[in-house]
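Asks: Before I ask anything, let me first share the structure, which is written out below as structure tokens.
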Amino acid sequence: PSDWVARYNLGLAAAQLGDSGRALGETAAAFVLQPRDEAVRWNLRLFAARVAGLDPLLVRVAFASGAAAFARSASPATWQALLIAACVALCAGSALVLRQRYQGHRSVARILSGRGLLACGVIGIALALFALQQYGPLANPNAAIVAQATALRAVPTDAESAQQPAPLAAGTVVVTQKAFLGWVKVARVNGETGWLRGSDLVPLYAGPSPV
């Protein structure tokens, strides 16, 4: 599931089978793993045109300019790795600066190296957090795309309930929370939660849920 080429090819196969929603989901998975690839973005735009109700978050991150364009210069995983490295640099720089402050003699080279690590850490953290904010739930390891129009149910069953199921369009971005007998509890970007069939979802970073 973490091989963007395999997800890209799955998207092409689903498109050839006429399953536009799953083609979009698999291509979206390839996009968040390799957002700089032009072929992936071209196919994502093509499949998006075939799916009504595409999530505005995915549209903005994949195709908008400005902040979104900066964010997709790297994948969420790369930005998260940069965030960790920047935190390490910040801690190392802070340690060097404090050591020099409490020592009787101060080395100019060490002071400069400590301040340099501090600056790199602060800048790296700021850039990584900004980019991850643009991705939003798409950077969540439990993110998924709804592959076909369905309904968000209050309980994991097809039986009628007192609460009217909320319609959910194909192309909607959700975050999975837990699974139960072929059903998956998900949360939408707006915070709304409910249950869907696992077969209705295309996880972006994991394998498909058991059906």
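Asks: Can you give the FRET efficiency to the nearest 0.05 for residue 2 and residue 151, using r as the Cβ-Cβ distance and R₀ = 25 Å?
Replies: On the way: r = 30 Å, r/R0 = 1.22.
Computed FRET efficiency for residue 2 and residue 151: 0.25.
Asks: Once you place label points 7 Å from the Cα toward the Cβ at residue 92 and residue 177, how far apart are they in nm?
Replies: For residue 92 paired with residue 177, the spin-label model returns 4.1 nm.
Asks: Report the one residue of 9, 66, 89 whose Cα lies farthest in the direction of the positive end of the charge dipole of the chain (charges on C-beta: Lys and Arg +1, Asp and Glu -1; origin at the Cα centre).
Replies: Farthest towards the positive pole: 89.
Asks: Using DSSP H assignments, which helices in the chain have an axial alpha-carbon span of 27 Å or above and a mean Kyte-Doolittle hydropathy of 0.0 or higher?
Replies: Helices meeting the criterion: 76-102, 108-135.
Asks: Mind ranking 8, 102 by accessible surface for me, highest first, 1.4 Å probe?
Replies: Details: 8 45, 102 180 Å².
Descending accessible area places them as 102, 8.
Asks: Please work out how much length the chain gains when fully extended from residue 101 to residue 57, using 0.36 nm per residue of separation minus the C-alpha to C-alpha distance, in nm with one decimal. Each step should come with its number before you reach the end.
Replies: On the way: separation 44, 0.36 × 44 = 15.84 nm, distance 4.69 nm.
Gain on extension, residue 101 to residue 57, equals 11.2 nm.
Asks: What is the dipole size for segment 45-150, taken about its Cα centre, with +1 at each Lys and Arg Cβ and -1 at each Asp and Glu Cβ, in debye to the nearest 20?
Replies: Working: 9 positive and 1 negative charges, 83 e Å.
For this selection, approximately 400 debye.
Asks: Tell me the carbon and sulfur percent of the accessible area for segment 1-114, rounded to whole percent, probe radius 1.4 Å.
Replies: Values: 3810 of 6080 Å².
Carbon and sulfur together cover 63 percent of it.
Asks: If you don't mind, there's one more thing I want to ask. How high is the FRET efficiency between residue 64 and residue 9 when r is their beta carbon distance and R₀ equals 35 Å, given to the nearest 0.05? Mind showing how you got there, number by number?
Replies: Numbers: r = 27 Å, r/R0 = 0.76.
FRET efficiency, residue 64 to residue 9: 0.85.
Asks: Another question about this same structure. Could you give the size of the charge dipole of the chain about its Cα centre, using +1 on the Cβ of each K and R and -1 on the Cβ of each D and E, expressed in debye and rounded to the nearest 20? Mind showing how you got there, number by number?
Replies: Details: 18 positive and 10 negative charges, 209 e Å.
Here the chain has a charge dipole of around 1000 debye.
Asks: Show the residues, 5+ positions off or on another chain, whose built amide H is closer than 5 Å to the amide H of residue 201.
Replies: It is 147, by chain and number.
Asks: Can you give the three extents of the C-alpha atoms in segment 135-178 along their principal axes, from longest to shortest, in whole Å?
Replies: 36, 20, 13
Asks: While we're here: Over all distinct Cα pairs, what is the inverse of the mean 1/r for segment 1-103, reported as the Kirkwood hydrodynamic radius in Å? Intermediate results must be reported in sequence, preceding the final value.
Replies: Numbers: mean 1/r = 0.0644 Å⁻¹.
Kirkwood hydrodynamic radius for segment 1-103: 15.5 Å.
Asks: Compare the Cα positions of 152, 125, 33 along the charge dipole of the chain (+1 at Cβ of Lys, Arg; -1 at Cβ of Asp, Glu; about the Cα centre) and return the one farthest towards the positive end.
Replies: Value computed over the given set: 125.
Asks: Over segment 126-211, average the accessible area per residue using a 1.4 Å probe and give it in Å², no decimals. Don't skip to the end; give the middle numbers.
Replies: On the way: 4250 Å² over 86 residues.
It amounts to 49 Å² per residue over segment 126-211.
Asks: In terms of modelled amide H atoms, which long-range or inter-chain residues lie less than 5 Å from the amide H of residue 151?
Replies: Those qualifying (amide H under 5 Å, at least 5 residues apart or on another chain) are 168.
Asks: I want to check the label-to-label distance for residue 84 and residue 42. Put each point 7 Å from Cα in the C-beta direction and report it in nm to one decimal.
Replies: Distance between the two pseudo-spin positions: 3.4 nm.
Asks: Further, regarding this structure: With no solvent and one equal point scatterer placed on each C-alpha of segment 1-47, evaluate the Debye formula and give log10 I(q)/I(0) for q = 0.27, 0.31 Å⁻¹, two decimals.
Replies: -0.87, -1.12
Asks: In whole Hz and in residue order, list the ³J(HN,Hα) couplings for segment 146-154 that follow from phi through the Karplus curve 6.51 cos²θ - 1.76 cosθ + 1.60, θ = phi - 60°; x for Gly and Pro.
Replies: 6, 8, 8, 4, 8, 10, 8, 9, 6
The values are calculated or read from the model by the stated rules, or taken from the named source; none is laboratory data. These numbers come from a predicted model, not from an experiment. Quick reminder, even Gly has a Cβ in these numbers, built from the backbone with ideal geometry, and neighbours come from all protein chains shown. For the accessible areas, the whole protein counts, side chains as well, though only heavy atoms, and no ligand, DNA or RNA atoms are used. Shrake-Rupley method; radii C 1.70, N 1.55, O 1.52, S 1.80 Å.
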